[in-house]
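The values are calculated or read from the model by the stated rules, or taken from the named source; none is laboratory data. These figures come from a predicted structure and were not determined experimentally. Cβ placement follows ideal geometry from the backbone for every residue including glycine, while neighbour counts extend to all protein chains displayed. Only protein heavy atoms, including side chains, enter the accessible area calculation; ligands, DNA and RNA are left aside. Shrake-Rupley method; radii C 1.70, N 1.55, O 1.52, S 1.80 Å.
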Amino acid sequence: MNSVEAFLTSDEEKMIVESIKNAEKNTSGEVRVHIEKSTLKHPLERAQEVFYNLNMQNTKQRNGVLLYVATNTKQFAIIGDEGINKLVTESFWEFEKRLITHYFSIGKNAKALIDGIQLIGEKLKMYFPYEKDDTDELSNEISKG
Ligand code: CA
Ligand code: CA
């Protein structure tokens, strides 16, 4: 079993995809999760690279958010596109990071991501409410490196 599979069961992966779908029912913003075994780069730098590899900058309102995780070290990074970064304060991201770090540290990996996604969804909803003509601009599936 490689470490990405050890990190989340397939049922947990499904729950995470569901939580992305639920979050996006309330907002035009888009959330994606990318999980890979390891990176030699700083997680934030690697997250930025993944963000562009997944074309996450191609949303109409520039409101995509990526949750990046390297499973070997449980390092992670969260990055929002410029539309959301203009509006969300640093303290929100800090709170989000503390929440995820806490659940990772007690081995609740799925809960870390699900609660993290829910929190991002609530934040996105404040600034980018769901619109009638909303489309799913970015896939809800977990991206794996
Ligand atoms: Ca959408
Ligand atoms: Ca989506």
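If a residue must be in contact with an Asp or Glu (Cβ under 8 Å, 6 or more places away or on another chain) and surrounded by 21 or more Cβ atoms within 10 Å (Cβ to Cβ), how many such residues does the range 27-49 contain?
3
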Checklist entry - How do the pairs read when you match residues in the range 14-25 that are assigned to a helix (DSSP H, G or I) and at pLDDT below 95 with residues anywhere that are near ligand 2 (Cβ under 10 Å from one of its atoms) and open to solvent by less than 80 Å² (accessible area, probe 1.4 Å), using Cβ under 8 Å and keeping only pairs 6 or more apart or on different chains? => result none
Next on the checklist: Test of understanding: among Leu66, Leu87, which residue is in contact (Cβ under 8 Å) with a residue 12 or more places away in the chain, more than 14 Å from the chain's Cα centre (by Cα) and either more than 16 Å from ligand 1 (Cβ to nearest atom) or on the phi < 0 side of the Ramachandran plot (or both)?
Outcome noted: Leu87
Checklist outcome for this item: Subset of the range 86-127, residues open to solvent by 20 Å² or more (accessible area, probe 1.4 Å), among the β-branched types (Val, Ile, Thr) and closer than 23 Å to Ser10 by Cβ, comes to Ile106, Ile114
Checklist entry - Out of curiosity, is Glu24 open to solvent by 80 Å² or more (accessible area, probe 1.4 Å) and not β-branched (Val, Ile, Thr)? => result no
Next on the checklist: Show the residue pairs meeting these rules: Cβ distance below 6 Å; 6+ apart or different chains; first residue within the range 127-145 and farther than 16 Å from Ile20 by Cα; second residue within 15 Å of ligand 2 (Cβ to nearest atom) and among the polar types (S, T, N, Q).
Outcome noted: Glu131/Ser28
